[in-house]
Amino acid sequence: MNNPVIKRRTFIKKSFKSLIGIGVLSGLYAWQIEPFWLEFVRVKMPIKNLPNNLIGKTLLQISDIHVGKNFDYHFIIKSFKKAQELNPDFVVYTGDFITSDKDEVRYDYLNEVLQNSVKGKLGTIGILGNHDYGRNWSQQHVAHKISDMLTNNGIKLLQNESVNINELNFIGFDDYWGLNFNPIEAMKNHDKYLANIVLCHNPDVCDLDIWSDYDSWILSGHTHGGQVKPPFLPPLILPTQNKNYTSGKFNLANGKTLYINRALGHLKQIRFNVRPEITIFELNKV
């Protein structure tokens, strides 16, 4: 005669072992697979006042490469080489080139990465993120060093200023948490009749009263999409005040469009349901 108590205990033991197995496999996946499973995300980018000669051109966004000791930076180099095959017209880097780890910055790693950086046929632009200001986002000498490295490797750095390349106007904000954030200076020459794109590392800046009549795209990073997102739930941790700013495209007030890149690198080598991203925008007229 079968004993229902023994059956129930056997079932519980098997279920417990299965749950442990699933947990182990999920942990391995989140540690060893997804952090290195790059996704190229393609997005249409309709821009007001876009000149006809730029219709169909591509703009590639790379954000938050976070070169440091927390994961193998050769993943970034391999990703760059894949992106180079796309032969983009414009490339923008939206901050956090390093991970600030106390007082140690691996400039040697970053130099190797930047020597392999992706360049645009028409232009390559970058801005700084909070980590690029070193410990507690307060070390100006770190920002100066990284700025020099970017410039020396062919990346035009924008710090509260703009540059017009082939009639596409890029406005670059310095980092919101850094030492030199000055959106008034960045926007002082804004002309709404140009084809404009703002580069702004931290999407919380979108909620500040600084935009006047700006009505075009804002490209950000910073959030990493949370890096860990349980199915059907929001990310567990987001480094923003506005918790709606996770990743992807957001239609904002007064005609602004925000896009938040999920980051190519990571602060810690763990991702779940938030693959690393390089974004490929196709320029079009509105």
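The values are calculated or read from the model by the stated rules, or taken from the named source; none is laboratory data. Because the structure is a prediction, the values reported are computed rather than measured. Cβ atoms come from the backbone with ideal geometry, glycine included; neighbour counts cover every protein chain shown.
Number of residues in the range 118-157 that are over 19 Å from LEU264 (Cα atoms) and either among the basic types (Lys, Arg) or touching a His at 6+ places or on another chain (Cβ under 6 Å) (or both): the value is 4.
When the test is whether a residue is under 20 Å from VAL113 (Cα atoms), buried (at least 17 other Cβ atoms within 10 Å of the Cβ) and touching a strand residue (DSSP E or B) at 6+ places or on another chain (Cβ under 9 Å), LEU168 does not pass it.
Residue by residue, here is whether (1) in contact (Cβ under 8 Å) with a residue 60 or more places away in the chain; (2) in a helix (DSSP H, G or I); (3) buried (at least 20 other Cβ atoms within 10 Å of the Cβ) holds:
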{"residue": "PRO35", "(1), (2), (3)": "yes, yes, yes"}
{"residue": "VAL43", "(1), (2), (3)": "yes, no, no"}
{"residue": "LEU60", "(1), (2), (3)": "yes, no, yes"}
{"residue": "ASP64", "(1), (2), (3)": "yes, no, yes"}
{"residue": "ASP72", "(1), (2), (3)": "no, no, no"}
{"residue": "ILE77", "(1), (2), (3)": "no, yes, no"}
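Restricting attention to the range 206-224, the residues that are out of contact with any strand residue (DSSP E or B) (no Cβ under 8 Å at 6 or more places or on another chain), surrounded by fewer than 24 Cβ atoms within 10 Å (Cβ to Cβ) and of a type outside the set (A, V, I, L, M, F, W, C) total 5. Among the numbered criteria (1) among the hydroxyl-bearing types (Ser, Thr, Tyr); (2) under 23 Å from PHE272 (Cα atoms); (3) at pLDDT below 95, which one does THR94 miss? Going through (1) among the hydroxyl-bearing types (Ser, Thr, Tyr); (2) under 23 Å from PHE272 (Cα atoms); (3) at pLDDT below 95 one by one, THR94 breaks only (3).
If the condition is being under 16 Å from HIS201 (Cα atoms) and assigned to a loop (DSSP other than H, G, I, E, B), then the range 119-154 contributes LEU128, GLY129, GLY134.
Residue-by-condition table, conditions (1) modelled with pLDDT under 95; (2) touching a Lys or Arg at 6+ places or on another chain (Cβ under 8 Å); (3) more than 23 Å from ALA253 (Cα to Cα):
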| residue | (1), (2), (3) |
| --- | --- |
| ILE127 | no, no, yes |
| ASP174 | no, no, no |
| LYS188 | yes, no, no |
| PRO203 | no, no, no |
| CYS206 | no, yes, no |
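Beta carbons closer than 8 Å, at least 6 apart along the sequence or on distinct chains, pair a first residue in the range 177-205 that is crowded, with 18+ Cβ neighbours inside 10 Å with a second that is among the acidic types (Asp, Glu) and in a strand (DSSP E or B) for ALA186/GLU161. If you go through the range 99-114, how many residues are closer than 17 Å to GLY265 by Cα, part of a loop (DSSP other than H, G, I, E, B) and either in contact with a helix residue (DSSP H, G or I) (Cβ under 9 Å, 6 or more places away or on another chain) or aromatic (Phe, Trp, Tyr) (or both)? Final tally of qualifying residues: 3.
Search the range 127-158 for residues being farther than 21 Å from ASP101 by Cβ and touching a residue at least 60 places away in the same chain (Cβ under 8 Å), and hand back the single one that is surrounded by the fewest Cβ atoms within 10 Å (Cβ to Cβ). Full working, then the answer.
Of all residues in the range 127-158, those farther than 21 Å from ASP101 by Cβ come to 127, 151-158.
Narrowing the set further to residues that are touching a residue at least 60 places away in the same chain (Cβ under 8 Å) leaves 127, 155.
Working: ILE127: 31, ILE155: 24.
Here the residue is ILE155.
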